[in-house]
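Scroll down for the structure; my scribbles are underneath it.
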Amino acid sequence: MTGPAPQRPVRVLLVDDQHLVRSGFRIILEVEDDIEVVGEAADGERAVTMATALRPDVVLMDVEMPVLDGLAATRRITADATGDGPAVLILTTFDRDDYLFAALRAGASGFLLKNGTPEDLVEAVRVVARGEGLIAPALTRRVISTFARPGAAPPDPRHDAATAELTPREREVLTLVAQGASNAEVAAVLHVGEATVKTHVSRVLAKLGLRDRVQAVIFAYEHGIVRPGG
């Protein structure tokens, strides 16, 4: 009997203007059987070109680079995506709110600081490759407080109309996701399978016009579906 086909590894494009940094990331990632580094770029312009040519699953993106910075490159990569484009994971030395919020608005699926561990990096690549989105835990409170405070960003009327189209179960799923629950945790709370949760999450993102779970969390706080501390 023929067994199931092996799952292909997560394809990663490394983007950083420092060769030694890229080499270090490559060593960390290529030790893993389920991750493959398919290319390297030293500036944002080259990253955009290579993302189109190589079609990686994840682009590991630095912020401050020559020619084109990582934030501008992220906007171009995510704008060109047709739904199956790469997820961008920002990895930077600079713990700056303006970079963090600009990266999320540019369409990044994750944001990590370079002072994390190799294990943090590997797990982050896997998470964003699954379409779940990730923000470094130390930054999550700042994201919520900024996006959730009154007047931080006016709600988009199109989103309000879309919210009304959510089924009660989809709204439950969105609430749990916004509270930080994983697919497995949502499944346990709602007593359904993980595959069912993934279907609900996909429908929520489609109805609200959101790219990933990070944007779903921000949306839920902005629109009062969940509240800080609630």
What number of residues within segment 200-226 are open to solvent by 10 Å² or more (accessible area, probe 1.4 Å), among the small types (Gly, Ala, Ser) and within 15 Å of Leu176 (Cα to Cα)? 2
Unmet requirement for Leu60, which otherwise passes all of (1) closer than 18 Å to Arg11 by Cβ; (2) open to solvent by less than 30 Å² (accessible area, probe 1.4 Å); (3) modelled with pLDDT under 95: (3)
Among the listed residues Gly24, Gly110, Gly39, which satisfies the condition of being in contact with a helix residue (DSSP H, G or I) (Cβ under 6 Å, 6 or more places away or on another chain), open to solvent by less than 40 Å² (accessible area, probe 1.4 Å) and modelled with pLDDT of 85 or more? Gly39
Can you name the residue in segment 69-80 that is within 14 Å of Thr52 (Cβ to Cβ), surrounded by 15 or more Cβ atoms within 10 Å (Cβ to Cβ) and among the hydrophobic types (A, V, I, L, M, F, W, C) and, of all such residues, is modelled with the highest pLDDT? Ala73
Wholly enclosed helices (runs of 4 or more DSSP H) of segment 6-125 bearing at least 3 residues under 19 Å from the mean Cα position of the chain (by Cα): 44-54, 70-80, 97-106
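Return yes when Leu176 is assigned to a helix (DSSP H, G or I), of a type outside the set (Ser, Thr, Tyr) and modelled with pLDDT under 80 and no when it is not.
no
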Scan segment 93-105 and give yes if some residue there is more than 22 Å from Ser202 (Cα to Cα), hydrophobic (A, V, I, L, M, F, W, C) and open to solvent by 40 Å² or more (accessible area, probe 1.4 Å), otherwise no. yes
Looking at segment 181-196, is at least one residue at pLDDT below 85 and either open to solvent by 80 Å² or more (accessible area, probe 1.4 Å) or part of a helix (DSSP H, G or I) (or both)? yes
Has segment 202-217 got at least one residue that is over 17 Å from the mean Cα position of the chain (by Cα) and not basic (Lys, Arg)? no
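If I ask for residues that are in contact with a Lys or Arg (Cβ under 8 Å, 6 or more places away or on another chain) and of a type outside the set (D, E, K, R), which ones from segment 118-133 would you list?
Within segment 118-133, Gly131, Gly133 qualify.
The values are calculated or read from the model by the stated rules, or taken from the named source; none is laboratory data. Remember, predicted model here, so these are calculated numbers, not experimental data. In this analysis, Cβ positions are derived from the backbone assuming ideal geometry, glycine residues included, and neighbour counts consider all displayed protein chains. Keep in mind that these areas ignore ligands, DNA and RNA; they rest on the heavy atoms of the full protein, side chains included. Shrake-Rupley method; radii C 1.70, N 1.55, O 1.52, S 1.80 Å.
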